[in-house]
Amino acid sequence: MPTRRELQEWVVRIAEVARSYGLDFYETRFEIVTYEQMNELAAYSGFPGRYPHWRFGMEYERLEKSYAYGLHRIYEMVVNNDPAYAYLMEDNRLVDHKMVIAHVYAHVDFFKNNHWFAPTHRKAMDEMANHGARIRRYIEEFGLEEVEGFVDRCLSLENLQDYYAPYVVRRRAEAKPIVTEPEEGRKAVEGMRFKTKKYLEPFVNPDELVAEEARREEARIVEEKRYPVAERDVLGFLAANAPIPRWQRNILSMIREEAIYFAPQRMTKIMNEGWATYWHSRMMTEKLLDDSEVLDFADHHSRTVARQPGQLNPYALGLALLRDVKERWDQGRFGPEWERCENLAEREHWDRRLGLGTQKLFEVRRVYNDVMFLDEFLTPEFVERQRLFSWKEDERGTPRIDSRQFDEVKRGLLQQLTNLGEPVITLEDDNHANRKELYLVHRYEGTPLRRDWAIECMRNLSQLWTRPVHLETQVDDRKVVFTSDGNEVREGV
Amino acid sequence: MWDDDDAIRNIQKDQARFRRIVRGLIKEDLRRYMSRGELLGRKGDRIVSIPVPQIDLPRFTLGSGKEGVGQGEGDPGDPLGQGQGEGTGGGEAGQAPGQHVVEVEITIEDLAAILGEALELPRIRPKGQDRLESRKVKFTGIHRVGPQSLRHFRRTYKQALKRTIASGMYDPNDPTIVPVREDFRYRSWKEAPQPRANAVAIYMMDVSGSMGDEQKELVRMTSFWLDAWLKAHYRGITSRYLTHDADAREVDEHTFFHSREAGGTMISSAYKLCAQMLEKEYPEGDWNVYTFHFSDGDNWSSDDTNEALEVARTKILPRCNQFAYGQVDSPYGSGQFLKDLVAALQDDRVAWAEIKGRDTVLDAIRAFLRKGR
């Protein structure tokens, strides 16, 4: 085991090497932790000050067990923050540390430069600790059960939000609070009065009738004021409009913020891991490895990119695709000339010696996310070489290899990644049937919602909104509307 | 960033909270756990590990992954190997792919407490509790002689310091203290008597041809919980196992649950062996005796039934806290024995239950344990 001083020297040295390759990262602070602390940090997604919640305890229990049974071991963890924090496991060998440090610098470079991370909060360490302190205070004030129950409810609705909101300006009017202004209805009715002589007024336009008319008109106006455009950020809508006490509103906003913070990491998982793996492997083999460490490194690296039968390893897929991109841009296998060439032999030996690979890689890491990355750079040759396939469950529920066709595989991959693989649910109307009920629509893409969970979530949603909530979706290709009144969830058509 | 080791780390609080929730869930779902015997893994003698499906928060999510993308060899149509992320099969619906299962370790005492709370069982009041049965070592005093491993460093140092100062050899500039033989002090112990009640549980099972695997599984599940309950009340309880068809014999635990014999059933044989065992090995008074007999109730002849019940009444009942009979439903059994037993043994110490299927294991356990004997 290396000493702290030794590690410190390596941290400085590897940072220099990383910079010499053009990587550009925030200051990175390394902490040396025991495996218990590592598991704890992993359970908290890297933030030691997170709010108390049983699911972190559950995650810790799982990590602890699988560590004890030797099923896995966390080597590296890095937090997107400025300065970045990274954790090193104390009983690792020096060669592991070197690899992890190199890997970490590439991650931090990605955090700093990838467009999709641009809107993230770079003082997340502090922010999460603030959330922790606030929720602890609420627990003291309102009791554990109460606060925890509410947090659970919010978390179950965590993904009802617009993951792309930070990147686009949606054309939509601000959500207007529904205010009933008695004047408005009456004003509208004024215009509809029958013109008549004053003394006939009570008979031609009797007061009750006018009042009745005004009420109806008012209702119509309110109805029109309903949410003007389909809203994807349901959570944000609730945080702004749900009739809940202040502390609950705060918790809801905090949980929304945290989900937004983690979203880019989920959006770029394949690229980010591929990028870090690509760079640790280049730095290690080109600059950092001592002869005596070659075997250990090779062993560790190959475990990182190992493929489970039938599963996708983001490290391996990202690495392979980045290498493929580098090779294609080094050899000039792109552009109209390459596309047009149909001579297989020529394609086989195509090499324009452009040497644009590394430059292209840096461009890719700046601009793309996983969906775009795969959409643009996945090629039939790559799918063939990497032995990618799509699978489907047969009628007995056994997953079977379905196809090795490029189109099928690509479609499957993109579907898996779009909207982080989560259903798109939008708020269509916040004053449904003019009864202040929410009407949500699930954009059905061929896979129905998981039913039991959807029902639970509907119950939570209506408890937050304190009014009935509807969700339109499809089951077995027919339209279904779930309606929850806070206790019961009914299913209608 | 890290507090010192003494501080309770946040994660430990979260973990404790998670465990409390799990405990609550186990209690709520006890009937389901009881009807799924395979769920319970024994770890050593006093710890049970219970796999609970990860209690995920519900969220809007797409139904079970019916398709996806993978990597590896194989032709279209080949089934994927292990590790595709399917949840462990079997059990009820709602198995999402990739559902993790968390194993929660729980002590027998905790499990028994959950069982007790859920079934509202009275605690057992052991007989002879005030008898002094075992001795416990307690370190209470200081001796001048003893083994090095028990040397009391602080006392020894104090003694040496005193001696050095008293003899005027103490030099503040060079405060080296060298203890000599007289300075050494050792911890010493006393044996404290500890009240403890002895207990034995005798499990008897009919293994004749009519008792199938399902029947044995029911017995196994029932005995697991009985065992847990008794263990929680009697540390160091002894369990004995008898099997019988037309003939009875003592076996070890494994054989008890796994052997299968063919042939007829003579319940009297088991009761006789049990009576013999009690008489010889567990003299009256000292022991809290529990007997459990499981059968499908299809005895060979009414003569044998009479004989068995006679033995039970005269030789077993007087010696035991409780005599329990569980009748397992089987396609072959007539179930006559239970009727005879209930008619013949009118005694407070007799408990009986019909175990009709996995769902009724819980009721059987309640019937056996509700008297708090």
**Prompt:** Taking R0 as 25 Å, what's the FRET efficiency between A:Glu6 and A:Arg73 from their Cβ-Cβ distance, rounded to 0.05?
**Reply:** 0.70
**Message:** Once each part is reduced to its C-alpha centroid, what is the distance from segment A:272-288 to segment B:235-251 in angstrom?
**Reply:** 64 Å
**Prompt:** For helix A:94-113, what angle does its Cα long axis make with the longest principal axis of chain A, in degrees from 0 to 90 and rounded to 10?
**Reply:** 40 degrees
**Item:** Principal axis dimensions, largest first and in whole angstrom, of segment B:262-356 by Cα
**Value:** 41, 24, 21
**Prompt:** What is the order of A:Asp429, A:Asp291, A:Asp485, fewest Cβ neighbours within 10 Å to most?
**Reply:** A:Asp291, A:Asp485, A:Asp429
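Could you give the Stokes-Einstein D for the protein assembly as shown in µm² per second, using the C-alpha Kirkwood radius, 25 °C, 0.890 mPa s?
72 µm²/s
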**Fill in**
If B:Cys274, A:Cys154, A:Cys341 are placed from fewest to most neighbouring beta carbons inside 10 Å, the sequence is A:Cys341, A:Cys154, B:Cys274
**Prompt:** Any idea which of A:Leu356, A:Gln386, A:Val168 is furthest toward the positive side of the dipole for the protein assembly as shown, if Lys and Arg beta-carbons carry +1 and Asp and Glu beta-carbons -1?
**Reply:** A:Val168
**Prompt:** Which cross-chain or sequence-distant (5 or more) residues have an amide H under 5 Å from the amide H of A:Val475, H modelled 1.01 Å from N in plane?
**Reply:** A:Val480
**Request:** Could you run the Karplus curve 6.51 cos²θ - 1.76 cosθ + 1.60 with θ = phi - 60° over segment A:300-306 and give me ³J(HN,Hα) per residue in whole Hz, x for Gly and Pro?
**Result:** 5, 4, 5, 6, 5, 9, 5
**Asked** So how far apart, in nm, are the two label points at A:Ser292 and A:Glu90 if each is 7 Å from Cα heading toward Cβ?
**Response** 2.4 nm
**Prompt:** Rounded to the nearest 0.05, what FRET efficiency do A:Arg29 and A:Asn113 have when you use their Cβ-Cβ distance and R0 = 22 Å?
**Reply:** 0.70
**Message:** Can you give me the angle between helix A:269-283 and the longest principal axis of chain A, using Cα atoms only, in degrees from 0 to 90, rounded to the nearest 10?
**Reply:** 20 degrees
**With Cα atoms, 0 to 90° folded angle of helix A:406-417 axis to chain A main axis** = 60 degrees
**Mean projection area, nm², convex hull over Cα of chain A** = 32.8 nm²
**Complete:** Partner shielding of A:390-397, as the mean number of partner chain Cβ atoms within 10 Å, equals 5
**Request:** Can you grab the distance from the C-alpha centre of segment A:50-82 to the C-alpha centre of segment B:297-373, Å, no decimals?
**Result:** 51 Å
**Prompt:** Roughly what percent of Cα-Cα pairs across segment B:318-373 reach past 13 Å?
**Reply:** 61 percent
**Request:** Take the Cα radius of gyration of segment A:1-154 and divide it by 2.2 N^0.38 Å, with N its residue count; two decimals is plenty.
**Result:** 1.17
**Prompt:** With contacts defined as alpha carbon pairs under 8 Å and 6 or more residues apart, what's the relative contact order of segment A:241-370 in percent?
**Reply:** 28 percent
**Asked** So what J values fall out for segment B:305-319 if you push phi through Karplus, 6.51 cos²θ - 1.76 cosθ + 1.60 with θ = phi - 60°, rounded to Hz, Gly and Pro as x?
**Response** 4, 4, 5, 4, 5, 4, 4, 4, 5, 8, 10, 8, 3, x, 9
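Please compute, for peptide A:63-72, the average count of beta-carbon atoms on other protein chains lying within 10 Å of each residue's beta-carbon. Walk me through the numbers before you get to the answer.
Working: counts 1, 2, 5, 1, 0, 0, 1, 0, 0, 0.
The shielding value for this peptide is 1.
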**Request:** Would you work out which of B:Val219, B:His233, B:Ile202 lies farthest towards the positive end of the dipole of segment B:134-245, given +1 charges on the beta-carbon of Lys and Arg and -1 on that of Asp and Glu, about the Cα centre?
**Result:** B:His233
**Request:** Principal axes first, then extents: for the Cα atoms of segment B:194-344, list largest minus smallest coordinate on each axis, whole Å, largest first.
**Result:** 50, 30, 24
**Asked** Any idea what log10 I(q)/I(0) is at q = 0.09 Å⁻¹ for segment A:212-334, Debye with uniform C-alpha scatterers and no solvent?
**Response** -0.56
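How large is the helix-only mean residue ellipticity at 222 nm for chain A, computed as the sum of -39500 (n - 2.57) over DSSP H runs with n ≥ 4, divided by its residue count, in deg cm²/dmol to the nearest 500?
That calculation yields -16500 deg cm²/dmol at 222 nm.
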**Asked** Is the shape of segment A:365-448 best called rounded, prolate or oblate, per the rule: a/c under 1.5 gives rounded, else a/b larger than b/c gives prolate, else oblate, with a ≥ b ≥ c the square roots of the Cα gyration tensor eigenvalues?
**Response** oblate
**Asked** In segment A:405-485, which trypsin sites (Lys or Arg not before Pro) are in a loop and have at most 12 other Cβ atoms within 10 Å, using DSSP for the loop call?
**Response** A:Arg435
**Message:** Through the Karplus equation 6.51 cos²θ - 1.76 cosθ + 1.60, θ set to phi - 60°, convert the phi angles of segment A:482-493 into ³J(HN,Hα) values in whole Hz; use x for Gly and Pro.
**Reply:** 8, 10, 10, 10, x, 10, 9, 10, 9, 10, x, 10
**Message:** Report, to one decimal in Å, the Kirkwood hydrodynamic radius for segment A:345-493 based on all distinct Cα pairs.
**Reply:** 19.2 Å
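Nearest 20 debye, what's the magnitude of the dipole of the protein assembly as shown about its Cα centre given +1 on Lys and Arg Cβ and -1 on Asp and Glu Cβ?
2940 debye
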**Request:** Filter the cross-link list B:Lys27/B:Lys231; A:Lys98/A:Lys287; B:Lys13/B:Lys138; A:Lys112/A:Lys269 down to pairs whose alpha-carbon distance in this structure exceeds 21 Å.
**Result:** B:Lys13/B:Lys138
**Complete:** Quick calc, B:Ala16 & B:Glu103: beta-carbon distance into FRET formula, R0 22 Å, rounding 0.05, result 0.85
**Message:** If amide hydrogens are placed 1.01 Å from N in the peptide plane, which non-local residues have theirs closer than 5 Å to the one on B:Ala248?
**Reply:** none
**Asked** Taking a point 7 angstrom from the Cα of B:Arg154 along the C-beta vector, which residues in segment B:162-183 have backbone N less than 17 Å away?
**Response** B:162
**Prompt:** To one decimal place, what orientation-averaged projected area in nm² is obtained for the convex hull of the Cα set of segment A:318-382?
**Reply:** 4.4 nm²
**Message:** Please list, ordered by chain and number, the residues whose modelled amide H lies under 5 Å from the amide H of A:Ser403; skip anything fewer than 5 residues away on the same chain.
**Reply:** A:Ser390
**Request:** Calculate, in whole percent, how much of the Cα-Cα pair population of segment A:26-91 lies beyond 17 Å.
**Result:** 40 percent
**Message:** Please give the charge dipole size of segment A:324-398, origin at the Cα centre, charges +1 on K and R Cβ atoms and -1 on D and E Cβ atoms. Round to the nearest 20 debye.
**Reply:** 340 debye
**Request:** Provide B:Ser301, A:Ser253, B:Ser268 in ascending order of the number of other Cβ atoms located within 10 Å of each residue's Cβ, fewest first.
**Result:** B:Ser301, A:Ser253, B:Ser268
**Fill in**
Among A:Thr268, B:Asn299, B:Pro147, the residue whose Cα sits farthest towards the positive end of the charge dipole of the protein assembly as shown, when +1 is placed on the Cβ of each Lys and Arg and -1 on the Cβ of each Asp and Glu, is B:Pro147
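Bear in mind that the values in this text are calculations on the coordinates, not laboratory data. Small disclaimer: the values here were computed from a predicted structure and weren't measured. When we count neighbours, we look across all protein chains shown, and the Cβ atoms used for this are built from the backbone with ideal geometry, even at glycine.
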